[in-house]
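To start, the structure itself, in C-alpha cells.
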Amino acid sequence: MKEQNHKQKLLYVDDEILNLYLFRDYFKNEFDVMIAQSGKEAMDVLSKNEDIKFVISDMRMPHMNGLEFISKAQEIRPKITYCILTGYDLTPELEKAIGEKKVARYFSKPLDPTEILLFLSAGPNNE
C-alpha cells in the first residue's frame, strides 16, 4: 500500500523566521507545512507546488503585505484556501477581502493553534 504522505500541504508566509519555525512545529503532525519568508518567496513555492491546499500569510511584511501576496497568488492558484494572520485589528481592507471571499478567515496573533486547526480541518474551500 502506498500511504506515504497523505497530509495536505499548508504554506505559511511570515517575514519573522522564528514565527515560521514555531508555526511549522505546531502543525507538522497534521500538515505537510511549507514556509516562506516573503510574498516573493511564497509565490515561488506556489509555482512549484500545485497541491498546496491552504495558505496562511502574515499581514504586515516588507515589500508585499499579506493581501497583496494573496491577490497575486490567486492569479496562479485560485482554488487554495487563503487566510491572514495578524497582530493588528481587523482593518477595512481586510474586512473587504473577507467579504469578497479573497480571504477565507483571519486569525489574531499570538496564534491559537487549536483555532487554526479547527478551521483547517473543516477542509479547503470548494467554491
Checking the conditions here, which among K53, K72, K79 is in contact with a helix residue (DSSP H, G or I) (Cβ under 7 Å, 6 or more places away or on another chain), under 16 Å from V103 (Cβ atoms) and of a type in the set (K, R)? K72
What are the pairs, 6+ residues apart or on separate chains, where a residue within region 14-34 that is surrounded by 12 or more Cβ atoms within 10 Å (Cβ to Cβ) has its Cβ under 6 Å from a residue that is basic (K, R) and in a loop (DSSP other than H, G, I, E, B)? F31/K7; D32/K7
Which of (1) in contact (Cβ under 8 Å) with a residue 24 or more places away in the chain; (2) more than 14 Å from the chain's Cα centre (by Cα); (3) not in a helix (DSSP H, G or I) does D89 not meet, given it meets every other one? (1)
Please verify whether L67 is of a type in the set (A, V, I, L, M), surrounded by fewer than 16 Cβ atoms within 10 Å (Cβ to Cβ) and out of contact with any Leu (no Cβ under 6 Å at 6 or more places or on another chain), treating the condition exactly as stated. no
If I filter region 38-50 for residues that are open to solvent by 20 Å² or more (accessible area, probe 1.4 Å), touching a strand residue (DSSP E or B) at 6+ places or on another chain (Cβ under 8 Å), over 20 Å from P110 (Cα atoms) and touching a residue at least 60 places away in the same chain (Cβ under 8 Å), do I get at least one hit? no
Inspect region 50-62 for any residue being touching a Lys or Arg at 6+ places or on another chain (Cβ under 6 Å) and under 17 Å from L20 (Cβ atoms) and give the result as yes or no. yes
Among what's in region 51-77 and is among the β-branched types (V, I, T) and out of contact with any Cys (no Cβ under 8 Å at 6 or more places or on another chain), pick the residue that is farthest from L118 (Cα to Cα). I76
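The values are calculated or read from the model by the stated rules, or taken from the named source; none is laboratory data. Just so it is clear, the structure is predicted and the values come from calculations on it, not from any experiment. As a convention, Cβ positions derive from the backbone with ideal geometry for all residues, glycine included, and neighbour counts pool all protein chains shown. These accessible areas exclude ligands, DNA and RNA; they are computed on the full protein's heavy atoms, side chains included. Shrake-Rupley method; radii C 1.70, N 1.55, O 1.52, S 1.80 Å.
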